[in-house]
Amino acid sequence: MEIPLPVVISREGKWFVASCPILDLATQGKTEAEVKENMEDLINDYFKDPDTPKPKMKEIMSVSLTNVPVKVPEGVLYGKASSSSKAKSC
């Protein structure tokens, strides 16, 4: 049986990091393709290991992904400090 599992991939410095929250697994790779392959291998090993507790199919299938819109203070995403965040001298 083949089922889709949510995997989050982000870049951290020189590495790509992937996590599968429903299985509590994470791995890394030098490229996005490598981290995807590493995650696929890790998930396959996870399911093959008889000693690792597995979530119920109902739990796996009940996962949903969503985006949550949030307001980010001006300058935060570009590394600029806002005037209100600067320390005031006495």
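Shown for the chain: lysine pairs separated by 8 or more places, or found on different chains, whose C-alpha atoms are under 22 Å apart, numbering 9.
Highest-first packing order for the peptide set 22-35, 58-71, 2-15 is 22-35, 2-15, 58-71, based on the mean count of other beta carbon atoms within 10 Å. Helix-only arithmetic for the chain: the sum of -39500 (n - 2.57) across DSSP H runs with n ≥ 4, divided by the residue total, places the mean residue ellipticity at 222 nm at -7500 deg cm²/dmol. Relative to the dominant Cα principal axis of the chain, helix 32-48 is inclined by about 40°.
Taking the chain as a Gaussian network of alpha-carbon nodes connected by springs under 10 Å, the highest mean-square fluctuation of the residues 73, 55, 21 belongs to 73. Dipole magnitude for the chain: about 760 debye, using +1 per Lys or Arg Cβ and -1 per Asp or Glu Cβ, origin at the Cα centre.
Amide H contacts of residue 25 (H built 1.01 Å from N, in plane; Pro and chain starts excluded): 20 sit under 5 Å, all sequence-distant by 5 or more or on other chains.
Once phi is turned into ³J(HN,Hα) by the Karplus curve 6.51 cos²θ - 1.76 cosθ + 1.60 with θ = phi - 60°, what whole-Hz value does each residue of region 51-63 show in order, with x for glycine and proline? My calculation for region 51-63 gives 8, 8, x, 10, x, 6, 4, 4, 5, 5, 6, 8, 6 Hz in order.
Pair-distance distribution of region 1-63: all C-alpha pairs, bin width 10 Å, starting at 0; shares per bin in whole percent are 21, 51, 24, 4. The residue among 5, 47, 64 whose Cα reaches farthest toward the positive pole of the charge dipole of the chain, with charges on the beta-carbon of Lys, Arg, Asp and Glu, is 64.
Values in this text are rule-based calculations from the coordinates and carry no lab data. Because the structure is predicted, anything quoted here is derived from the model rather than measured. Ideal geometry is used to build each Cβ from the backbone, glycine not excepted, and the neighbour counts take in all protein chains shown.
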